[in-house]
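The values are calculated or read from the model by the stated rules, or taken from the named source; none is laboratory data. None of these values were measured; they are calculated from a predicted model. Methodologically, a virtual Cβ is constructed for each residue, glycine included, from the backbone with ideal geometry; neighbour enumeration extends over all protein chains shown. Quick note on the areas: whole protein, heavy atoms, side chains included, nothing else; ligands and nucleic acids left out. Shrake-Rupley method; radii C 1.70, N 1.55, O 1.52, S 1.80 Å.
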Amino acid sequence: MQDASKIVAFTGAGISTESGLSDFRSKGGLWDRYRIVTFQEFLSSHGNRIEYWSMRRELIPGLLAARPNPAHYCLARLEEEGKLSGIITQNIDGLHQAAGSQRVIELHGTNMTASCLDCNRQWPIYDIMQRLTAGDLDPHCEQCSGLIKPDTVSFGQSMPAVAMEQAYQAASCCDLLLMIGSSLEVQPANRFPLVAHQSGARMIFINRNVTPYDHLASVKFTESAGQVMRALLA
Ligand SMILES: [Zn+2]
């Protein structure tokens, strides 16, 4: 890390567990209790959208209440010091930005805003939550009556092309990839550490569980991300 001048962080759900957000892919998580509504299903019926939004009504209050933890703040500090050139994240919780990080590439979009699928008008997710709570269970755009959906990438929805390109650029130009809290199982996001490795970057992994690419990392830590990051910066 001392030698590196272009660090890129690649983060997954594990970096946010210390902020109180459980990995919703984990057992007992939201995805165990709700059927996944694909993008096509969301578009196709009122009933599917009510189902989709009822899951969000459980998910979003936790996201709005969550605060960044030391791992998020350490990454923001590395950027401020000019060592870190960007963060590629699989997370939709907005915690990197809340910690002060400027260059954040969100591969799966964000749950902190929602947009009209027709006219692209955008709202803070809080505004949409208020409409849901008031009984509007399938909110539509007041301007054009288009469907409103959080700005996340749903199953069946294509990955954001600009973010994918930026992530590819960042991963192929870094000299150190710092992977924090990803199982590296979700495609196509999991290819970015490989891109970095193939471009000659060293890799540090901070993750509790085994990943398919552990053998490519120079160092692997299994302790808490906040603890490891504070120790590394110190
Ligand atoms: Zn609209």
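Before moving on, here are some points about what is shown:
- Among the protein heavy atoms of the chain, carbon and sulfur supply 50% of the accessible surface, probe 1.4 Å, non-protein parts ignored.
- For a label point 7 Å along the Cα-to-beta-carbon line of E223, residues of segment 154-197 with backbone N under 16 Å: 181
- Reciprocal mean inverse distance between Cα atoms of segment 4-100 - Kirkwood radius, Å: 15.1
- In this structure E185 has an accessible area near 130 Å², from a 1.4 Å probe over the protein heavy atoms.
- Rg and Dmax of segment 46-128, based on Cα coordinates, read 15.0, 50 Å.
- Restricting segment 126-234 to trypsin sites (Lys or Arg not before Pro) that sit in a DSSP loop and have at most 14 other Cβ atoms within 10 Å of their own Cβ leaves R208.
- Per residue, in Å², the accessible surface of segment 111-220 once ligands and nucleic acids are set aside, probe 1.4 Å: 49
- Of all the options S22, S45, S154, the one that moves most in a Gaussian network model of the chain with Cα springs shorter than 10 angstrom is S45.
- Calculated FRET efficiency for the pair E58/D214, C-beta based, R₀ 35 Å, to 0.05: 0.60
- Cα Rg over Rh - segment 110-197, Kirkwood: 1.11
- Rounded to the nearest Hz, the phi-derived 3J(HN,Hα) couplings of segment 40-49 under the Karplus curve 6.51 cos²θ - 1.76 cosθ + 1.60 (θ = phi - 60°) are 5, 5, 4, 5, 7, 8, 4, x, 4, 5, where x marks glycine and proline.
- Shown here for segment 43-113: GluC sites (Glu not before Pro) in loop regions (DSSP other than H, G, I, E, B) with at most 10 other Cβ atoms within 10 Å, namely E81.
- Kirkwood-type radius of the chain, with distances r between different C-alpha atoms, in Å: 18.5
- Amide hydrogen proximity for T113: with H placed 1.01 Å from N in the peptide plane, the residues at 5 or more positions away or on another chain lying under 5 Å are I125, D151.
- Estimated FRET transfer efficiency (A98, S44; beta-carbon r; R0 35 Å; 0.05): 0.50
- Heavy-atom SASA rank of F192, F39, F155 (probe 1.4 Å, accessible area, largest first): F155, F39, F192
- Length added when fully stretched, Q122-V186, from 0.36 nm per residue minus Cα-Cα: 20.3 nm
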